[in-house]
Amino acid sequence: MQNKTFFNFLIKMLEEEKINSSSISASVKKSGDFKTLLNGKFIKYSQAISGGGSYLLNDRENLERYFKSKFPKELRDSYSAIGNIGTFRNTKASKRTSQNVILARGFKNILINSKVVELEKFTNQFGTFSAQVNELETERICIVENLDSFLLAEKVIGKDFVFIHTYGGLGKSVLNKFKTKNVLIFPDYDFKGLQNYLMVKKVFPDAKLFVPSNYKELFKMYSRTIRTKQGREQNPTKEVKESVDENVIKIRTDIYKTKRFLEQQALFVKFQND
């Protein structure tokens with residue numbers, strides 16, 4: 001059963017250590033591989049008092065060893081499109097190796113791959129500058145999650161930062177290419193955005209999360225359901241659940257209480273007629 005569904009199940013089990021039985025697909029539960037995990041006591045079933053139950057990670061070391069033997073290429077930190085074809089016959093089946101491609105905009109000169117880039121000129125003439133980065137050096141960086149917000153970010157953040165939007169998602173590979181004194185994270189205010197913030201702090205411990213001063217007001221006016229288009233509810237990672245960061249606690253609590261979150265685009269509503 002070497003397929004994406006089972007791959008995702010194993011990844012989730014290793015990351016979260018607990019999965020509700022109802023969220024595991026029938027094809028996974030009926031598979032011989034799933035029975036192997038139970039018989040080998042890599043995972044175990046826990047009955048809930050209120051009905052239903054969950055599967056828990058019981059033996060991480062052996063489950064990781066099993067995962068490595070079953071998906072040898074997938075155990076790497078990231079995966080290339082060529083590797084995806086070899087495993088899943090699909091270039092988009094799993095994570096690709098980061099090509100470290102970024103979009104940058106701002107109003108000062110920066111160093112990219114040891115070359116001076118007149119970023120203000122590119123920003124004014126073309127809206128953005130793009131590069132495959134081996135090294136990027138500037139004093140202040142603001143990482144913006146969504147492309148549309150990235151193209152307007154200075155309206156909210158100001159012009160002191162160089163704004164970065166990473167192609168294909170944010171990862172440690174590209175973060176390690178940045179040389180800077182100040183890092184600001186401007187995400188959606190949901191569990192994914194919080195997870196990205198905590199990931200950035202592992203590389204830049206002094207990184208700050210941008211939270212607008214009128215966050216409460218914006219949340220009341222523009223927050224939307226945490227449920228996806230498929231009706232599933234976005235869930236926090238273990239790291240987000242256990243974080244004691246003040247801003248993470250605040251935003252996480254709002255989501256828990258209301259089942260809603262604030263998209264970063266809400267911060268630009270007042271500029272829409274400019």
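Can you pull out the helices (runs of 4 or more DSSP H) entirely within the stretch 1-118 that have at least 3 residues that are modelled with pLDDT of 75 or more and surrounded by fewer than 17 Cβ atoms within 10 Å (Cβ to Cβ)? So that I can check it myself, show each step before the final result.
Working: elements: 4-16, 26-29, 32-39, 60-70, 81-88.
It comes to 4-16, 26-29, 32-39, 60-70.
Looking at (1) surrounded by fewer than 18 Cβ atoms within 10 Å (Cβ to Cβ); (2) in contact (Cβ under 8 Å) with a residue 24 or more places away in the chain; (3) within 30 Å of residue 270 (Cα to Cα), can you tell me which one residue 179 breaks?
Checking residue 179 against (1) surrounded by fewer than 18 Cβ atoms within 10 Å (Cβ to Cβ); (2) in contact (Cβ under 8 Å) with a residue 24 or more places away in the chain; (3) within 30 Å of residue 270 (Cα to Cα), the one that fails is (3).
Quick test for you: out of 30, 18, pick the one residue that is without any contact (Cβ under 8 Å) to a residue 24 or more places away in the chain and either among the basic types (Lys, Arg) or under 21 Å from residue 237 (Cβ atoms) (or both). Before you say what the answer is, go through the steps one by one.
Working: 18 fails: without any contact (Cβ under 8 Å) to a residue 24 or more places away in the chain.
Step by step, each of 30, 18 is checked, and only 30 is without any contact (Cβ under 8 Å) to a residue 24 or more places away in the chain and either among the basic types (Lys, Arg) or under 21 Å from residue 237 (Cβ atoms) (or both).
Against the condition outside any loop (DSSP other than H, G, I, E, B), crowded, with 17+ Cβ neighbours inside 10 Å, modelled with pLDDT under 95 and in contact with a strand residue (DSSP E or B) (Cβ under 8 Å, 6 or more places away or on another chain), how does residue 174 come out, does it pass? Break it down stepwise before answering.
On the way: outside any loop (DSSP other than H, G, I, E, B): yes; crowded, with 17+ Cβ neighbours inside 10 Å: yes; modelled with pLDDT under 95: yes; in contact with a strand residue (DSSP E or B) (Cβ under 8 Å, 6 or more places away or on another chain): yes.
When the stated conditions are applied, residue 174 passes them.
Looking at the stretch 244-274, which of its residues are under 19 Å from the mean Cα position of the chain (by Cα) and open to solvent by less than 20 Å² (accessible area, probe 1.4 Å)?
Within the stretch 244-274, 248, 251, 255, 261, 262, 264 qualify.
Can residue 219 be described as surrounded by 14 or more Cβ atoms within 10 Å (Cβ to Cβ), assigned to a helix (DSSP H, G or I) and in contact with a strand residue (DSSP E or B) (Cβ under 6 Å, 6 or more places away or on another chain)? Write out each step before concluding.
Details: surrounded by 14 or more Cβ atoms within 10 Å (Cβ to Cβ): yes; assigned to a helix (DSSP H, G or I): yes; in contact with a strand residue (DSSP E or B) (Cβ under 6 Å, 6 or more places away or on another chain): yes.
Judged against the criteria, residue 219 is a match.
Which condition from (1) in a strand (DSSP E or B); (2) open to solvent by 20 Å² or more (accessible area, probe 1.4 Å) is the one that residue 141 breaks?
The number of the failed condition is (2).
Test each condition in (1) in contact (Cβ under 8 Å) with a residue 40 or more places away in the chain; (2) open to solvent by 60 Å² or more (accessible area, probe 1.4 Å); (3) farther than 23 Å from residue 148 by Cβ for residue 202 and report the one that comes out false.
Of everything listed in (1) in contact (Cβ under 8 Å) with a residue 40 or more places away in the chain; (2) open to solvent by 60 Å² or more (accessible area, probe 1.4 Å); (3) farther than 23 Å from residue 148 by Cβ, residue 202 misses just condition (1).
Just a yes or no: is a residue in the stretch 222-237 open to solvent by less than 60 Å² (accessible area, probe 1.4 Å) and in a helix (DSSP H, G or I)?
no
Name the single residue, out of those in the stretch 144-171 being open to solvent by less than 10 Å² (accessible area, probe 1.4 Å) and β-branched (Val, Ile, Thr), that is nearest to residue 254 (Cα to Cα). Quick ask: steps written out before the conclusion?
Of the stretch 144-171, the ones open to solvent by less than 10 Å² (accessible area, probe 1.4 Å) are 144, 149-150, 153, 162-164.
Narrowing further to those that are β-branched (Val, Ile, Thr): 144, 162, 164.
Details: 144: 22, 162: 30, 164: 27 Å.
Applying the filter and picking the extreme gives 144.
The values are calculated or read from the model by the stated rules, or taken from the named source; none is laboratory data. In this text, all values refer to a predicted model and were calculated from it rather than measured experimentally. Ideal geometry is used to build each Cβ from the backbone, glycine not excepted, and the neighbour counts take in all protein chains shown. Remember, those area values only see protein heavy atoms, side chains included, never the ligands or the DNA or RNA. Shrake-Rupley method; radii C 1.70, N 1.55, O 1.52, S 1.80 Å.
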